[in-house]
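Undergrad: Let me give you the structure first, and then I'll get to my questions.
Computed from the coordinates by the stated procedures, all read-outs in this text should not be read as laboratory data. Since this is a predicted model, take the numbers as computed values, not measurements. Cβ atoms come from the backbone with ideal geometry, glycine included; neighbour counts cover every protein chain shown.
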C-alpha cells in the first residue's frame, strides 16, 4: 500500500509539472503575440481572495503609442525650390479659359519685362481686386474696367504673341497665382504703378512692396 501511495504521488507531481510547463508555454506564446517592447502583463504573484495560495496575473495599464500618419503629399509649390523652377514645370499657354487669359494678359502687357516676382505681383493685384468686393468680381471684369489698365483699348486687349516665351511665362504665372502655389511679395495689394511716375492717389495708400520697376500698395 505504501508503494501504491508513492506511485500515485509521483503521478500527481508529474501532472502538476505538466500543467506548470503548459501554463508557461501558453504565457510565452501570449507574450510573443505582443509587441516586444510592450509589457502589458505583470506575472508577479498575488494571492487570490480567500487566502488561496494560487496566483493570478496582474494587468497593468500601459500607454498606447499610435503610429504617426503618413504626411500629405507635397504640393507642386512646396516641391519647387524657386519660383523660376515652379514656372518651368507649370503647364501653360494651352487650354486657358477666358478668365485665365485675362489674368495672363495683364501679366503679359504690364510686366513681361519684369522679374518673375514682379509678374506674380501683378497677377496677385488682379486676383485681390476680384476678391475684394470693391472691384468687378472676375478677372476679365477687373482687367477691362474703364481707366484701370492702360494696355486695354476700347475694352479689348491688343493681339498677343501666344507662341512667344514671354506669353508662356505669363500664362504659367497666372496659373501659379490663381492656384496660390507661390506667395507673392505684393501680399494684399490692390494698386501698383511704375516707379518713374507718382500718381496723386499713392500718398493715400499703404506701400506693400517695391519689385523692380513697380511699387505695390494696399
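Undergrad: Could you tell me how many of the residues in region 93-117 are in a loop (DSSP other than H, G, I, E, B) and within 18 Å of residue 127 (Cα to Cα)?
TA: Taking region 93-117 as the starting set, the residues that turn out to be in a loop (DSSP other than H, G, I, E, B) are 93-97, 112-115.
Going one step further and asking which of them are within 18 Å of residue 127 (Cα to Cα), we end up with 96-97, 112.
So the count comes out to 3.
Undergrad: Name the residues in region 100-148 that are under 26 Å from the mean Cα position of the chain (by Cα), surrounded by fewer than 17 Cβ atoms within 10 Å (Cβ to Cβ) and either in contact (Cβ under 8 Å) with a residue 40 or more places away in the chain or within 16 Å of residue 166 (Cα to Cα) (or both), would you?
TA: Hit for region 100-148 is 132, nothing else.
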